[in-house]
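Report on the following structure.
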Amino acid sequence: MSVQAIGQPVRREEDLRLLKGRGRYVDDVKESSEARGYVLRSPHAHARVAAIDVQRARTAPGVLAVLTGEDLRQRGLGTLMPGVRRRRRNGAPAFVCSQPLLAQTHVRYVGDPVAFIVAETLAQARDASELIEVEYEPLPAVITAEAALAPGAASVWDENPGNEAFFHEIGDKTAVDTAFARAAHRVHHAIVINRVTANSMEPRGCLAQYDRDQERYTVRCTIQSVHATRAALADRIFKLPQHQFRVICDNMGGGFGMKGGCYPEYALSLWASEVTGRPVRWIAERSEGLLSDEQGRGSVVDTELALDKDGRFLALRAQWKAPIGAYYSTDRPTIPLTIGLGCLVNTYGMPAVYAQVTAVLTNTMTIAPYRGGSRPEPIYVTETIIDKAAHELGIDPAELRRRNTIPAGAMPFTTVLQQTYDSGDFVKNLDDCLALADYDGVAPRRVAAKERGKLLGIGVATAVAASGGRDYEHAEIRFDPSGGVVLMTGSMDHGQGHGTTFKQVLSEKLGIDADLIRYRYGDSDLVTMGIGTFGSRSAQLAGSAIVVAADRLIDKGCKIAAHMMEAGAHDVVFESGRFAIAGTDRSVGIIEVAKQSFEAVHLPSDVEAGFTERANFGPPGCATFPSGAHYCEIEIDEETGEVKLTRYVAVDDVGRVLNPLLCEGQIHGGIVQGVGQALLEDLVYDQLTGQLLTGSFQDYCMPRANDFCHFELANNPTFTDRNPLGVKGVGEAGTLCAIPAVMNAVNEALQRIGAPGVEAPATSERLWRAIRAARNGGSGGS
């Protein structure tokens, strides 16, 4: 290999290794004498735990320990807590209700952990769980936000009648009300955002070990931040110094936001190892994950758009009712409901916006960020109401968007919700996308589809959303005496290919062979600090931290090289891996300088031995605003309601592209997850019992390769000045536009035959019923 430049389409270095089964996932790592953990979970959505008898389980074959809520009380382990103070609508503090590691007096959703069983084998632990006798006194459950907020609704927590957890608002209500009062057109729609779950290829799991001699806890688990997990375990749960904990995550089969938190099972496994003196492994089964993984989305948003007589947007208002689950233990449920509301403005010059969110406690699993974090929901809201407005006003949806889009000449542009877009050409995104999609030539395709018994629908969506604006990221570059390089960052790799991309950045910056670089991450003992991977932040924050650390190395290298060549440091310049005396042919390579740096006797007196630098990057105002426009074309079978993607075009601006192959892969993945939510995926609870009706892949429909058409992608890059690489986030770009583009296409097809619109997911049954309703004059019967 040689120097790898930024912008080269370098294949991911880990692919061949992973495809050959040589990855290092949690279940690949074995410890001698390890035991297996199993969680006994509540079968009730809401019940009082009157009694629990574990004596028979504790004497069952192979059982090493059975831990209950009473044991937890005696051990004194803590719980997680939200860090941001919020309030309810009446001004009272938010109702914080942390989840204990094991239920003590009540269970509050189906899947709530009740006991943790440790045995020699998983089968023995599972068998022992069936011997535990729990006396439940069932209580009424509330599953939806509407049901939980209804007068006289049962309380998830007795101390919180009404079930409101917190209230949040953004924007200028008075300005919005004024705009609506003078509007020529008002469009209203109650938008249902379906609840989904990540179903990552690798389920959640951990291998935990307590070392009595060192009084130290080590856990290897599937997480998106080793440092945040270490802090949660040490500071909140075990209440010990962080140096007594080591958290490791090597390869991980997908995160998507779901693996961003510290789940009870990780602490339970560490505690169980402490009790048994054995390493303890816990791995979620797929059905267990569907019950107990944090879930995403799932709100009803009452939305209104005001327009003038020419179709210019005047104001937007939206009222969220969001069921966040049974526990408000961390800030994670707040993120998808608060952080991204600025996206309601989207790519448009929206003069006034007001939104309010009521977060509601329900007898379900907790919600948290899912791919896109907090941004897909408000973008879906805006893009959906725009399409409805276009239909009601008789304006082409693309034209209505273009008419209201912020022009490139206005950049940087500060929105009414006080976000400042750094760069972008939103009109060009849209126009390029429509041209690639042959938007003006859709009519003959409609005719051809009709002849085949299909309804053709087209949908457009645009998006702009902040990325990389939270916290910082850490990088360290460490040369060894032989000239090898270890590169470390606080970012976590869930399959994004960080090792490949970050090596390209460092290889180009230092002019060194990429083969000399070893990338490390995911070990709280090895990497000094870090935040983790989420929110499309890694390239711009970790990548920029690498650049800053490399610049510091170059500065140090200039001093060493000057000493080696007997010149002044101010006369030395660095280029393409070599330090040279300006204006001469005398130079020395960076590897030679690195080796020399470990010989203290040959260094200037003011230079320390070694060739290592570290840096953090994440200054205030470093958020970037990637943008894009997507076009979707679908066909619905008139007889069965089956829907197929037939054309998908995306034009995105992600700033400077570090690696085109990996960039395209990220956009592909985002589109797939967005389409999955739009057409197939839906977490459904029984409204009376709280039982999860989609508890396996027989019921929860995951997308497959043959559900998709070819994706035609194009770039429209505008560099940003908010980081030294000029990059913007890409990991979630595909998801932001995919959900509204697909749903707009589906509903456009239905509108053309006078059928009622549908909400996501647009399943075959829903589409069949909508088509029947149109044929039967409004009746949805068969």
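The values are calculated or read from the model by the stated rules, or taken from the named source; none is laboratory data. Since the structure is predicted, the reported quantities are computational estimates derived from the model, not experimental observations. Positions of Cβ are backbone-derived with ideal geometry, glycine not excepted, and every protein chain shown enters the neighbour counts. Heavy atoms of the whole protein, side chains included, go into the accessibility calculation; ligands, DNA and RNA do not. Shrake-Rupley method; radii C 1.70, N 1.55, O 1.52, S 1.80 Å.
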*Got a sec to turn the phi values of segment 286-301 into Karplus ³J(HN,Hα) couplings, 6.51 cos²θ - 1.76 cosθ + 1.60 with θ = phi - 60°, whole Hz, x for Gly and Pro?*
4, 5, 5, x, 4, 7, 10, 6, 4, 9, x, 6, x, 10, 10, 10
*For segment 711-782 and segment 411-480, distance of Cα centres in Å*: 13 Å
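Does segment 177-302 come out rounded, prolate or oblate by the C-alpha gyration tensor, with a ≥ b ≥ c the root eigenvalues, rounded set by a/c under 1.5 and, if not, prolate when a/b is larger than b/c and oblate if not?
Working: a/c = 3.73, a/b = 2.42, b/c = 1.54.
Prolate, because a/c is 1.5 or more and a/b exceeds b/c.
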*Calculate, axis by axis, the spread of Cα positions in segment 60-143 along the three principal axes, and write the results as whole Å, longest axis first.*
55, 29, 21
*Towards the positive end of the charge dipole of segment 555-642, with charges on Cβ (+1 Lys, Arg; -1 Asp, Glu), say which of I581, F611, I634 has the farthest Cα.*
I581
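With +1 on each Lys and Arg Cβ and -1 on each Asp and Glu Cβ, how big is the dipole of the chain about its Cα centre, in debye rounded to the nearest 20? Please list the in-between numbers first.
Numbers: 80 positive and 95 negative charges, 148 e Å.
That gives a dipole near 720 debye.
Quick one: what do you get for segment 400-441 if you divide its Cα Rg by 2.2 N^0.38 Å?
Working: Rg = 12.3 Å, N = 42, 2.2 N^0.38 = 9.1 Å.
The reported ratio for this selection is 1.35.
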*Local electrostatic count, L553, Cβ distance below 12 Å [Lys/Arg +1, Asp/Glu -1]*: +2
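Helix-only estimate, please: 222 nm mean residue ellipticity of the chain, summing -39500 (n - 2.57) across DSSP H runs of length 4 or more and dividing by its residues, to the nearest 500.
Numbers: 20 runs with 214 residues, N = 782.
The per-residue figure over the chain is -8000 deg cm²/dmol.
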*At 1.4 Å probe size, with every protein chain present, just tell me what the per residue accessible area of the chain comes to in Å².*
38 Å²
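Would you mind getting me the FRET efficiency between K595 and V486? Use the beta-carbon distance for r and R0 = 22 Å, nearest 0.05.
Details: r = 15 Å, r/R0 = 0.69.
For R0 = 22 Å, the calculated efficiency reads 0.90.
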_³J(HN,Hα) computed for each position of segment 602-609 - Karplus, 6.51 cos²θ - 1.76 cosθ + 1.60, integer Hz, glycine/proline x_ = 9, 10, x, 5, 9, 10, 6, 5
_Out of all DSSP beta bridges in the chain, what portion is antiparallel? Express it as a percent rounded to 5._
80 percent
*Please name whichever of L233, M258, F167 sits farthest to the positive end of the charge dipole of the chain, dipole taken about the Cα centre and charges placed at Cβ: Lys and Arg +1, Asp and Glu -1.*
F167
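Counting pairs of alpha carbon atoms under 8 Å apart in space and at least six apart in sequence, what relative contact order in percent does segment 635-778 give?
Numbers: 214 pairs, mean separation 55.4, N = 144.
Relative CO of segment 635-778 lands at 38 percent.
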*Mind listing which trypsin sites (Lys or Arg not before Pro) in segment 129-220 are in a DSSP loop and have 13 or fewer other Cβ atoms within 10 Å?*
R182, R212
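Which order, highest average first, do 736-745, 6-15 follow once you tally other Cβ atoms within 10 Å for each residue and take the mean per peptide? Kindly include the intermediate steps, with their values, before the conclusion.
Values: 736-745: 31.4, 6-15: 15.7.
Sorting 736-745, 6-15 by mean packing, highest first, produces 736-745, 6-15.
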*Partnerless Cys - the chain, beta-carbon criterion under 4.7 Å*: C97, C249, C262, C343, C433, C558, C622, C632, C663, C701, C709, C737
_Can you compute the FRET efficiency between A181 and E399 using 1/(1 + (r/R0)^6), with r the Cβ-Cβ distance and R0 = 30 Å? Round to the nearest 0.05._
0.70
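With a cut-off of 8 Å between alpha carbons and a minimum separation of six or more residues, what is the relative contact order of segment 311-364 in percent? Display every interim value, and only then the final one.
Values: 64 pairs, mean separation 34.0, N = 54.
It rounds to 63 percent for segment 311-364.
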*With a 1.4 Å probe and all protein chains in place, put L361, L149 in order of accessible area, largest first.*
L149, L361
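Determine the dipole magnitude for segment 378-531: charges of +1 sit on the beta-carbon of Lys and Arg, -1 on that of Asp and Glu, nothing else is charged, the reference point is the Cα centre, and the result goes in debye to the nearest 20. Display every interim value, and only then the final one.
Numbers: 16 positive and 22 negative charges, 116 e Å.
With only Lys, Arg, Asp and Glu charged at Cβ, the dipole is about 560 debye.
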*Once Lys and Arg get +1 and Asp and Glu get -1 on their Cβ, which of A128, T384, G152 lies farthest toward the positive end of the dipole of the chain?*
G152
*Heavy-atom accessible area of E285 with all protein chains present, probe 1.4 Å, nearest 10 Å²?*
80 Å²
*asked:* If amide hydrogens are placed 1.01 Å from N in the peptide plane, which non-local residues have theirs closer than 5 Å to the one on S299?
replied: I193
*Under a no-solvent Debye model with one identical scatterer per Cα of segment 643-720, what's log10 I(q)/I(0) at q = 0.21, 0.23 Å⁻¹?*
-0.95, -1.06
_Karplus-derived 3J(HN,Hα), 6.51/-1.76/1.60, for each residue of segment 325-333, Hz, glycine and proline x_ = x, 7, 10, 10, 9, 9, 7, 4, x
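How charged is the neighbourhood of E294? Take every other residue with its Cβ under 12 Å from the Cβ of E294, and add Lys/Arg as +1 and Asp/Glu as -1.
Values: positive: R195, R204, K259, R297, R332; negative: D293.
Taking every Cβ under 12 Å from that of E294, the sum is +4.
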*Once label points are set 7 Å from the Cα along Cα→Cβ at both D302 and R586, what is their separation, rounded to one decimal in nm?*
7.9 nm
*If you take the square roots of the eigenvalues of the alpha-carbon gyration tensor of segment 601-749 and sort them as a ≥ b ≥ c, do you get rounded (a/c under 1.5), prolate (a/b over b/c) or oblate?*
prolate
*asked:* Tell me the carbon and sulfur percent of the accessible area for the chain, rounded to whole percent, probe radius 1.4 Å.
replied: 50 percent
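Checking the table K239/K556; K309/K454; K259/K503; K503/K559; K20/K503; K309/K644 against a 31 Å threshold on Cα-Cα, which pairs fail? Working shown, then result.
Numbers: K239/K556 41 Å; K309/K454 35 Å; K259/K503 25 Å; K503/K559 25 Å; K20/K503 22 Å; K309/K644 37 Å.
From the list (K239/K556; K309/K454; K259/K503; K503/K559; K20/K503; K309/K644), the Cα-Cα distance tops 31 Å for K239/K556; K309/K454; K309/K644.
Work through the residues other than A615 whose Cβ is under 9 Å from its Cβ and net out their charges, Lys, Arg +1 and Asp, Glu -1.
Values: positive: R552, R614; negative: E476, D551, E613.
With Lys, Arg at +1 and Asp, Glu at -1, the net is -1.
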_Computed E for D515/R552 - FRET, C-beta separation, R0 35 angstrom, nearest 0.05_ = 0.90
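Can you tell me the order of 483-491, 399-407, 320-328 when each peptide is scored by its average per-residue count of other Cβ atoms within 10 angstrom, highest first?
Listed from highest to lowest mean packing, they are 320-328, 483-491, 399-407.
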_Convex hull projection area averaged over all views, segment 501-566, Cα basis, nm²_ = 5.5 nm²
_Projected-area mean, segment 510-626, by convex hull of Cα positions, square nanometres_ = 9.7 nm²
*asked:* Could you work out how much longer the chain between Q8 and R58 gets when fully extended? Use 0.36 nm per residue separation minus the Cα distance between them, nm to one decimal.
replied: 12.1 nm
*For the chain, rounded, prolate or oblate, judged on the Cα gyration tensor with a ≥ b ≥ c (square roots of eigenvalues), a/c < 1.5 rounded, else prolate if a/b > b/c?*
oblate
